[in-house]
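Reviewing the structure listed below.
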Amino acid sequence: MTKKTWSLLGILVIAMMLLAACGGGDAAPADNEPANQPAVNEPANEPANEPAEEPAAEEPAAEEPAVEPAKIVLWHALKDTETAGLTTIIENFKAANPNVEFEVLFVPFDDLRGKFETAAGTGGGPDLLIGGDDWGPPMYNAMLIADVSDVAVSDINPAAMNVGNYKGAQVGLPYVLKGVVMYRNASIIAEPAADFADLKAKAEAATTGDTFGALLEIGSFFSFGHLYGLGGALMTAEGDPAFNTAEGVAWLEMLQDFKALGADNWYNDNDVNLFKEGKVGVVIDGTWNLGDFSASLGDDLVIDPWPSDMSGFVQTGMIYLNYNTTGANLDAAKAFMAYLLSADAQAAFYAADGAFIPSNTTVEVTDPMRQQALAAFGGGVGWIVLPEMGAFWGPTETAILSVLEGEAEAADALAAAEEAVNAALVDIRGQ
């Protein structure tokens, strides 16, 4: 029996005795006397005062509430090695938080966003979603994901955190770094290039027979970064066109040189396949191919720092919090988000997946290739996740192709692209 119960019992006994004293001996029915007899025979104040004399400091222990159980539902589209890391992370979190259960569902990447939006839009869906970094702004605008600015994280790559920042809110948290880098086969081109002119000279010298010195991706996703490397920009901070400049012209002329070196890479894997076969000196591709390239080329594989007038997008993978999550699940979900970005969790991902590059800057990265990728990201450009980005793809790619196919001069192509982007922005901003 708790101290509070003893105190209450004492108060009731005193009250009954006072009533008896006021009303005479007949106030209490005779059949109640045996039950009350022990208390009546004791001095009036003794039963009530004895428990109250216990140290008051012990009472809070009896008042501490039990931790409310929670169940986190998480959806993802991670590959097998990443899933292994996630499994380890969840088990470690559960060991420290045995009141939290998990329900984890793999959904193919092409279906994941649509499935989540449909579920969250009707008040359901998982508590947590691991997905693309550019999903955040539109889902936040639609009130499908919540601001997680209050989730305590530290030592995270600033550029990666900034990718998740939108309208003053932190709409997602970056658990991994990835992006576009320059790979080199050191057996074909022995030294890194200082700038694009140096790269062009080295590639031309290395091209012979069925070996290409360089096959450089022309597609806009892989080439937009060079515009920034040349001192230009694709868009303003507000999302308006900024590419119709002298730097923009220099960018399209650089891509003409890409084609002259032998590139026919417009979002195809020709460069990737030939590079793995050891027939290309330099390619521009994503860090997601790091594992395959390492397996194919071994010690000949190098990731170079970006030449002074070139660059590439730095991306992340994000974890999002469902707007509909409440109560104990909300608290548990936020705690897990913070843990996912901790050094311990990031190290588990790093150990499980040969291409994982941690967003937490305190994780020890011993793999030389991933060290080189991190160095390359130092000269990279933060991936643009503004909704306005959707207005840029078609017009800029039309400009690139028209110049490479000799149908337009660079300045004319950029002017036409700017006009088309502005027209598309009216529709996007009107939604």
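Taking amide H as placed 1.01 Å from N in the peptide plane, residue 156 has its amide H under 5 Å from the amide H of 361, each at least 5 places away in sequence or on another chain. For residue 213, the residues whose modelled amide H falls within less than 5 Å of its own, excluding neighbours fewer than 5 places apart on the same chain, are 207, 208, 281. As a proxy for reagent exposure, 367, 127, 134 were ordered by neighbouring Cβ count within 10 angstrom, fewest first; the result is 367, 134, 127. Put simply, the amide H of residue 166, placed in the peptide plane, has neighbours under 5 Å in 171, leaving out anything fewer than 5 places away on its chain. Annotation for the range 296-362 versus the range 207-279: alpha-carbon center distance of 26 Å.
Across the range 372-389, computed HN-Hα scalar couplings (Karplus, 6.51 cos²θ - 1.76 cosθ + 1.60, θ = phi - 60°) run 5, 5, 4, 5, 5, 4, x, x, x, 10, x, 4, 8, 10, 4, x, 4, 4 Hz from first to last residue, x flagging Gly and Pro. Listed by Cβ neighbour count within 10 Å, with the fewest neighbours leading, 166, 267, 175 appear as 267, 166, 175.
For the residue pairs 94/334; 79/200; 71/178, alpha carbon separations beyond 24 Å are given by 79/200; 71/178. Cβ crowding within 10 Å ranks 393, 306, 251 as 393, 306, 251, fewest other Cβ atoms first. For the listed peptides 255-262, 223-230, 107-114, a ranking on the average number of other beta carbons within 10 Å per residue, highest first, reads 223-230, 255-262, 107-114.
Just so you know, all these numbers are worked out from the coordinates, no wet-lab data involved. Here the structure is a predicted model, which means the values were calculated and not measured. Cβ sites come from the backbone with ideal geometry, for glycine too, and all protein chains shown count toward neighbours.
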